[in-house]
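The values are calculated or read from the model by the stated rules, or taken from the named source; none is laboratory data. For clarity, every value in this text was computed on a predicted model and none was experimentally measured. Cβ placement follows ideal geometry from the backbone for every residue including glycine, while neighbour counts extend to all protein chains displayed. These accessible areas exclude ligands, DNA and RNA; they are computed on the full protein's heavy atoms, side chains included. Shrake-Rupley method; radii C 1.70, N 1.55, O 1.52, S 1.80 Å.
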Amino acid sequence: MTVDIKWAELGFEYMNLPYRWRAYWKDGEWYKSGLETENTIQIEEGAPILHYGQGAFEGLKAFKTKEGDIQIFRPDQNAKRLNASAARLVMPEVPEEDFIHAVKEVVKANAEYVPPYGTGASFYLRPTLIGVGDNIGVHAAKEYIFTVFAMPVGPYFKGGMVPTAFTTSEFDRAAPHGTGAAKVGGNYAGSLQPGIEAREKGYSDVVYLDPATHTKIEEVGSANFFGIEKDTNKFVTPKSPSILPSITKYSLLWLAQHRLGLEVEEGDVYIDDLDRFSEAGACGTAAVISPVSFITHNDHKHVFYSETEVGPITKKLYDELVGIQNGDVEAPEGWIVKV
Ligand SMILES: *Cc1c(COP(=O)(O)O)cnc(C)c1O
């Protein structure tokens, strides 16, 4: 069976596919798991996810290679991060092998929706863990649901990789020692308003500063930041306990070091010291790499490489990463899981 989808025209939009994975937790164990066809979940009105935001999610992608195989990019890293988020929100772990099994089953069951090689589109998976059950006080839930649903999504850059602009904001996405490093919905709810304000002014999104001093770059609302230092070509990315540790960012850091032979650094990136960089990018599963054209801060506009062109190192990193994901470039050990 083949599905009638115009792969090249896909955006980043929800699609109701035939199958999703569900697993249920109660009394200390996962007691039921498997594929389901219904895209709605019935939960109790007192469910802690609804009132107290006790829930975490993940995002990862599967790709079809030239040979027609389907492969998933670093699902073990998403499993580990989901469990780190779960620990921060006092939720039970999803065992790594169960997470990877669930992701694979969802890919297999919906295989005809995995975009063909060469279309630029990919298959996006959204694992989610939520606290449910009857409840009213501020407590950890006594029951949990883990679900993995998925959909094909379009190339992030329809017209090719085009630099985009960001602005700083008075708002923070996370507290200094809050839940910034956990992939939880509350961080996103709080970023909607600054995101709208940024887009109204013509920016793609906000680049958030560190919540304690507002002097250092943390990350973009849904992507991490990196800069390429002038002269040295060092790959530099912010280090902070309130940044969400992007798997794409750590993949790029590794590739910069081991494939491009660059120096790398996780450290402070001061918003008033952007002149040290010749290129900059925002990176994440959805965006892959979004080159940063400029950042506006306190009415000062800082242009990186160019407002219209992609810098050479950003381009090399992009080609290496996307090549690995599509199976055209040899992957570092353990980065690719075949379905
Ligand atoms: C998911 C996410 C990212 C990107 O992480 P990847 O693992 O690269 O997809 C960056 N920032 C935030 C706030 C996120 O939630």
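Quick rundown of the values:
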quantity: Selection from region 256-271 of residues that are more than 16 Å from the ligand (Cβ to nearest atom) and open to solvent by 50 Å² or more (accessible area, probe 1.4 Å); calculated: 257, 258, 259, 261, 263, 265, 268, 270
quantity: Residue that is farthest from the ligand (Cβ to nearest atom), among those in region 274-325 that are aromatic (Phe, Trp, Tyr) and either closer than 29 Å to residue 75 by Cα or in contact with a helix residue (DSSP H, G or I) (Cβ under 8 Å, 6 or more places away or on another chain) (or both); calculated: 305
quantity: Whichever residue in region 277-302 is charged (D, E, K, R) and open to solvent by 50 Å² or more (accessible area, probe 1.4 Å) and, among such residues, is farthest from residue 232 (Cα to Cα); calculated: 299
quantity: Among the candidates 56, 62, 86, 23, residue that is small (Gly, Ala, Ser), open to solvent by less than 50 Å² (accessible area, probe 1.4 Å) and part of a helix (DSSP H, G or I); calculated: 86
quantity: Residue list for region 293-320, filter: more than 22 Å from the chain's Cα centre (by Cα) and in a helix (DSSP H, G or I); calculated: 312
quantity: Residue within region 138-146 that is of a type in the set (Ser, Thr, Tyr), out of contact with any strand residue (DSSP E or B) (no Cβ under 8 Å at 6 or more places or on another chain) and at pLDDT 95 or above present; calculated: no
quantity: Hits in region 201-255 (condition: within 9 Å of the ligand (Cβ to nearest atom), open to solvent by 50 Å² or more (accessible area, probe 1.4 Å) and assigned to a loop (DSSP other than H, G, I, E, B)); calculated: 222
quantity: Verdict on residue 11 being on the phi > 0 side of the Ramachandran plot, away from the ligand (no atom under 16 Å from the Cβ), touching a residue at least 40 places away in the same chain (Cβ under 8 Å) and loosely packed, with under 14 Cβ neighbours inside 10 Å; calculated: no
quantity: Residues (open to solvent by 30 Å² or more (accessible area, probe 1.4 Å) and at pLDDT 95 or above) located in region 112-127; calculated: 112, 113, 116, 117, 126
